[in-house]
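S.K.: Have a look at this one.
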Amino acid sequence: MNSVPALPVCCTPLDAHWPLPVVLPDTVLLSTHFDPTQLLGDDFQRSAIDAPASIQRSVAKRQAEFLAGRICARAALQQLEGLSVSPAIGEDRAPVWPAHICGSITHSTGRAAAIVAKKSHWRGLGMDLENLLNVERAERLAGEILTAPELKRMTAGGREQLALLVTLTFSVKESLFKALYPIVQQRFYFEHAEVLEWTEAGEVRLRLLTDLSTEWRNGTELNAQFGVQDGQLLSLVSIKA
């Protein structure tokens, strides 16, 4: 195996703890905490991570979250099968994985994570990390993120629960897009899927509301999962091979 460069000071040691209810076999998930104030000017070079021009022009927060996410992704690929590569950014802004690999990178305030697997085991993986919304912001965003049936179901749960459910719905639809877009190569948006049900144990059931391909049609249902830790919600959509 190739040696991996040392972690920059802005990132904590990589964590292999599985943070979700159901462990996916044949996957590697790694995460780190990062502090943009600790980012040094040569951290990309010393970490052997290429910074695209758009990242080089960005503020320290954007640079640190990109660096942390790519470090997680490279280490996950190395652990999966000894590949010492960091996924580039494609023209569609999505990570470019090796042809036989599927994966997902996510980050939110101070935390980044990546998950990878061989396509012989998993066709699609989509992971998203979000800060939990407060009640006021959740109420403002609910109409943009939730379909009418979702809104009706979720407002029945009370005002305090709405904040969790709007965050969950936003996150799990982001994960759905990340998992399906590489397969269907077609963009879709919040109104093109709905959360049918969820449990406090972290199980979610989703349904497509549009045709994305001959296989992925309006009415197709998928499972997802989520977990909440330290004021952040992590969701994952996984599609078996």
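The values are calculated or read from the model by the stated rules, or taken from the named source; none is laboratory data. None of the values given here were measured: they were computed from a predicted structure. Cβ sites come from the backbone with ideal geometry, for glycine too, and all protein chains shown count toward neighbours.
S.K.: Taking into account only those residues within the stretch 38-63 that are over 22 Å from the mean Cα position of the chain (by Cα) and among the acidic types (Asp, Glu), which is surrounded by the most Cβ atoms within 10 Å (Cβ to Cβ)?
M.R.: Asp43
S.K.: Any chance the stretch 69-78 includes a residue that's assigned to a loop (DSSP other than H, G, I, E, B) and small (Gly, Ala, Ser)?
M.R.: No, every residue in the stretch 69-78 fails to be assigned to a loop (DSSP other than H, G, I, E, B) and small (Gly, Ala, Ser).
S.K.: What is the one condition in (1) part of a strand (DSSP E or B); (2) hydrophobic (A, V, I, L, M, F, W, C); (3) more than 20 Å from Leu129 (Cα to Cα) that Ile183 does not satisfy?
M.R.: Single failed check for Ile183: (1).
S.K.: So Leu212 passes all but one of these: (1) surrounded by 16 or more Cβ atoms within 10 Å (Cβ to Cβ); (2) touching a residue at least 60 places away in the same chain (Cβ under 8 Å); (3) part of a loop (DSSP other than H, G, I, E, B). Which condition number does it fail?
M.R.: Leu212 satisfies all of (1) surrounded by 16 or more Cβ atoms within 10 Å (Cβ to Cβ); (2) touching a residue at least 60 places away in the same chain (Cβ under 8 Å); (3) part of a loop (DSSP other than H, G, I, E, B) except (2).
S.K.: Could you say which residue among Val23, Val59 is over 17 Å from Ser108 (Cβ atoms) and either modelled with pLDDT of 95 or more or in contact with a strand residue (DSSP E or B) (Cβ under 6 Å, 6 or more places away or on another chain) (or both)?
M.R.: Sole residue among the options that is over 17 Å from Ser108 (Cβ atoms) and either modelled with pLDDT of 95 or more or in contact with a strand residue (DSSP E or B) (Cβ under 6 Å, 6 or more places away or on another chain) (or both): Val23.
S.K.: Moving to a separate point now. Consider the stretch 9-37. How many of its residues are over 13 Å from Ala112 (Cβ atoms) and either crowded, with 17+ Cβ neighbours inside 10 Å or in contact with a His (Cβ under 6 Å, 6 or more places away or on another chain) (or both)?
M.R.: Total meeting the criteria: 5.
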